[in-house]
Structure formats: C-alpha cells, structure tokens
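The values are calculated or read from the model by the stated rules, or taken from the named source; none is laboratory data. A quick note: this is a predicted structure, and the numbers were derived from the prediction, not measured. In this analysis, Cβ positions are derived from the backbone assuming ideal geometry, glycine residues included, and neighbour counts consider all displayed protein chains.
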C-alpha cells in the first residue's frame, strides 16, 4: 500500500506522515530527505520537479512490492504533471489547510488536485487526531489498538485456522495473524511465507487481514503483570481433528 500526502509547504504533510507512520507501522519517505540524498542532483525547475516525482513514485513502489509495510510519501507534488509522474497511490491525501506556502514559485505553480481520497481543510485537529481519522476512514491496521495475536505455521491454512481466527476476533476487533517462518525446517513445512499468504488470501473471510511473517518462534516466556493473556481456545473435537498433514496430501503439497 502507498499513501501519498500532498500540499503546500507548511500545510502539515510531514507532521501527519510522522504520526501516521507510528500508528500503522509504515515506511516514511519525505521528499526533503530524499532530495538531500538520493536526488541531490535535482533542483526545482518544472522538469526537475517532474523527475523528483517520478523517482519518488518508483522508490515507493519498489518498497511496497516487498510487502513488509505500508509506504507513506509526503511532498508538495504541485502539478498534475508531477502527480502523473509519481503514479497513482492507493490513498491520496490533500492537505488543503493553507492558502499560501513559504515559497512564491511553488504557490504560483501549485494546482489543486481534481480528485483526492481525503481532504484536510484546517488545523483544528492535531496530527494524531488526523491520523486517527485516516485509520478509521480507510480501515487501516492500527498498531496502537488492542490486538489478538494468532501464531502458527499454517502449512496450509485450513478450516480449523479459519474457525480460530473468527474466535480471536471476539477478543479484540483487530487480529494479527503471525506466520512462523518454518519453511523447509521439516517435511511438514513445504510452503514459503508468500505461499502461505496466497492460501490465506483464498479464504474470503480473510480479506484485509493483518498477516505478518515472524521468526520461527518455538518458546514464549513472560514475567509478572505483562498486560496480555495467553489463552487456549477449545473449538470442539471436529475442528481439532482437522489434520494439516492430510490437507497437504489432498492438495498435493
């Protein structure tokens, strides 16, 4: 997922990006930082602004394809041409909070986007409150919200896992499906993480689920007053009887 935040200098782009980054565990690309390093050869001519936008878009897509985390990109991106050069993000947020920014040339060339997925028109809310609105509007995973962890191998995902996931959702609205990285550690683990995700995605109920690769966790220890519960859920004998080994044989994996 790529979230692009655009607007005049001083409109609150970076403040929102930083707040949102912490809440959704994203990777943040700030144009000023990128200009000072990777794109230090570019100036602020119309042509260089287009090239800056093109490179920012390519960089965001390369990172997003890794599937590790959402990518937030904040920069002015002042014209239709620069926005076309960047490419279409999954979510476009326009910070329409000020009439003029700090730089006259940017003010003169800035073109309001014809379409954006969300607009902020004032500074009545702080960055944290704005981040909350974005998370709620687009149903993003909030890493500060109460979350139930469901940890397993899922080699492959089957009806028992589905039933347990639904039960986990009764504890907290948000569930993290933690996939242990067990590929090739035994004959019972033939699937790589991406393959595990593909099988999970075939379950329509799992659309939009938070699925994260974790190390091959074999032990969990805790001390006093840890602030979370560890619970074994009894789903009944029929569900517990489901065999992943048999599933793999049936599926030919």
Quick test for you: out of 170, 137, pick the one residue that is exposed (fewer than 15 other Cβ atoms within 10 Å of the Cβ), more than 23 Å from residue 69 (Cα to Cα) and at pLDDT 95 or above. 170
So how many residues does the range 100-115 have that are touching a strand residue (DSSP E or B) at 6+ places or on another chain (Cβ under 8 Å) and in contact (Cβ under 8 Å) with a residue 40 or more places away in the chain? 1
Would you point out which residue out of 80, 58, 32 is over 13 Å from residue 2 (Cβ atoms), out of contact with any strand residue (DSSP E or B) (no Cβ under 7 Å at 6 or more places or on another chain) and at pLDDT 95 or above? 80
Pairs where the first residue, in the range 161-174, is touching a residue at least 60 places away in the same chain (Cβ under 8 Å) and the second is surrounded by fewer than 16 Cβ atoms within 10 Å (Cβ to Cβ) and assigned to a loop (DSSP other than H, G, I, E, B), C-beta under 7 Å, 6+ apart: 163/235; 164/233; 164/235; 167/233; 167/235
Within the range 145-161, of all residues that are out of contact with any strand residue (DSSP E or B) (no Cβ under 9 Å at 6 or more places or on another chain) and farther than 16 Å from residue 212 by Cα, the one surrounded by the most Cβ atoms within 10 Å (Cβ to Cβ) is 158
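From the list 41, 48, which one is outside any helix (DSSP H, G or I), more than 27 Å from residue 138 (Cα to Cα) and assigned by TED's automatic domain parsing to the domain that holds residue 116?
Working: 48 fails: outside any helix (DSSP H, G or I).
It is 41.
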Within the range 116-183, considering only strands (runs of 3 or more DSSP E) that don't extend past its boundaries, which have at least 1 residues that are assigned by TED's automatic domain parsing to the domain that holds residue 212? 147-152, 174-180
Does the range 232-249 include one or more residues that are loosely packed, with under 11 Cβ neighbours inside 10 Å, in contact (Cβ under 8 Å) with a residue 60 or more places away in the chain and not in a helix (DSSP H, G or I)? no
Exactly one condition in (1) farther than 25 Å from residue 59 by Cβ; (2) loosely packed, with under 15 Cβ neighbours inside 10 Å is false for residue 107; which is it? (2)
Give me the residue from the range 83-104 that is part of a helix (DSSP H, G or I) and surrounded by fewer than 16 Cβ atoms within 10 Å (Cβ to Cβ) and, out of that set, modelled with the highest pLDDT. 84
For residue 76, are the conditions met, namely being under 21 Å from residue 11 (Cβ atoms), surrounded by 15 or more Cβ atoms within 10 Å (Cβ to Cβ) and under 17 Å from the mean Cα position of the chain (by Cα)? no
Enumeration of residues in the range 28-38 that are touching a helix residue (DSSP H, G or I) at 6+ places or on another chain (Cβ under 9 Å) and either closer than 23 Å to residue 100 by Cα or surrounded by 17 or more Cβ atoms within 10 Å (Cβ to Cβ) (or both): 28, 29, 30, 31, 32, 34, 35
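Tell me yes or no: at least one residue of the range 190-204 is assigned to a loop (DSSP other than H, G, I, E, B) and touching a strand residue (DSSP E or B) at 6+ places or on another chain (Cβ under 9 Å).
Filtering the range 190-204 for residues assigned to a loop (DSSP other than H, G, I, E, B) gives 190-192, 202-203.
From what's left, touching a strand residue (DSSP E or B) at 6+ places or on another chain (Cβ under 9 Å): none.
No, the range 190-204 contains no residue that is assigned to a loop (DSSP other than H, G, I, E, B) and touching a strand residue (DSSP E or B) at 6+ places or on another chain (Cβ under 9 Å).
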